[in-house]
Amino acid sequence: MVMETVISRGIIESYFEKLTSCLELDVAIVGGGPSGIVAAYYLAKAGHKVALFDRKLAPGGGMWGGAMMFNDIIVQEEAKHILDELELTYRPYQQGTYIVDSVHATAALLYKATQAGAKIFNCYSVEDVVYKNKRVAGVVVNWTPVLMQKMHVDPLTLMAKCVLDGTGHDCEIVKTVVRKNGVTLNTETGGIVGEMSMDAAEGERTTVINTKEVYPGLFVSGMAANGVSGSFRMGPIFGGMLLSGEKAASIMSESVKAQAKAQ
Ligand code: 48F
């Protein structure tokens, strides 16, 4: 075989093997922001079959850019154990906070999640979910460029025992589920309450509390959790995002185990 054919064959065979292995997932994560990537890491580490889909070429969400493109982030003491778990380099700052280079942090999260066994599909947009027997049961995916060009091309479907909406401020997946299926959510109002303005400390605290199953099979993390349950934004402090990902992994792991037991 000529080298050109080896290159093309290797990539095609490997890619489709990877995609085929993800047709029936334990967990499908929508959005490769910090909360989604950390959830992918812990789930893969626990032995679950997990794939993460991000519409961008470079997953990482809002973490690359620090604040106003000053590419450092703040992480508070409560999340330090996650920095250590992921072997990040950081330095102590004031009032129990740490400073981390945002490019280093984002790259490390992606490296650790994939190393643990999570599959990451970039350039994939999740445009809908599978909705069966009053339960979210998978994701409907298409190429981001197809959607950007508004081309009339049908999507593919990957089934999952749990779907995580980690799409950030827009909480896109929960919005789609509510709009299309008129479901009642596990929130104070039964609907999407909506994100509030900046309160860093409260936003950080509540993003972890709001990380939960909002509808059978559908979980939320990170800013999507605060958007759905109605709490504050917090800007470039990221401990809450990391802790939210850790909690999302833990509750979805329990759900996957419970579903396996019930079968
Ligand atoms: O917003 P994002 O970084 O998610 P997060 O984990 O973190 C929020 C922080 O970055 C920051 C903050 C920290 O204090 O407030 O905003 O909540 O990343 C969300 C990712 O989801 C992708 C998007 O490209 C981004 O990388 N995404 C959004 N909608 C879709 C999607 C979709 N429908 N399909 C695939 N990817």
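The values are calculated or read from the model by the stated rules, or taken from the named source; none is laboratory data. In this text the structure is predicted, and so the values were computed from the model without any measurement. Cβ: placed from backbone, ideal geometry, glycine included. Neighbour counts: every protein chain shown. For accessibility, only protein heavy atoms count, side chains too; no ligands or nucleic acids. Shrake-Rupley method; radii C 1.70, N 1.55, O 1.52, S 1.80 Å.
Specify which of the listed residues (136, 141) is surrounded by 18 or more Cβ atoms within 10 Å (Cβ to Cβ), closer than 27 Å to residue 251 by Cβ, modelled with pLDDT of 95 or more and within 12 Å of the ligand (Cβ to nearest atom). Explain how you work it out, then say what you get.
Values: 136 fails: within 12 Å of the ligand (Cβ to nearest atom).
Answer to the selection: 141.
Take residue 103 and tell me if it is in contact with a helix residue (DSSP H, G or I) (Cβ under 6 Å, 6 or more places away or on another chain) and either acidic (Asp, Glu) or open to solvent by 30 Å² or more (accessible area, probe 1.4 Å) (or both).
no
Just one of the listed residues (90, 98, 111) is under 25 Å from residue 239 (Cα atoms), more than 16 Å from the ligand (Cβ to nearest atom), touching a helix residue (DSSP H, G or I) at 6+ places or on another chain (Cβ under 9 Å) and among the hydroxyl-bearing types (Ser, Thr, Tyr), namely 90.
Annotation note: of 246, 254, 188, the sole residue that is more than 23 Å from residue 140 (Cα to Cα) and within 13 Å of the ligand (Cβ to nearest atom) is 246.
When you look at residue 127, is it farther than 24 Å from residue 240 by Cα, open to solvent by 60 Å² or more (accessible area, probe 1.4 Å) and of a type outside the set (Gly, Ala, Ser), yes or no? Judged against the criteria, residue 127 is a match.
Please state which of the following conditions residue 237 fails to meet, knowing it meets all the rest: (1) surrounded by fewer than 24 Cβ atoms within 10 Å (Cβ to Cβ); (2) at positive phi; (3) near the ligand (Cβ under 8 Å from one of its atoms). In the conditions (1) surrounded by fewer than 24 Cβ atoms within 10 Å (Cβ to Cβ); (2) at positive phi; (3) near the ligand (Cβ under 8 Å from one of its atoms), residue 237 misses (2) alone.
Inside segment 148-158, can you point out the residues that are within 23 Å of residue 49 (Cα to Cα) and open to solvent by 60 Å² or more (accessible area, probe 1.4 Å)?
Looking only at segment 148-158, we keep the residues that are within 23 Å of residue 49 (Cα to Cα), and these are 155-158.
Scanning segment 148-158 gives 156, 157.
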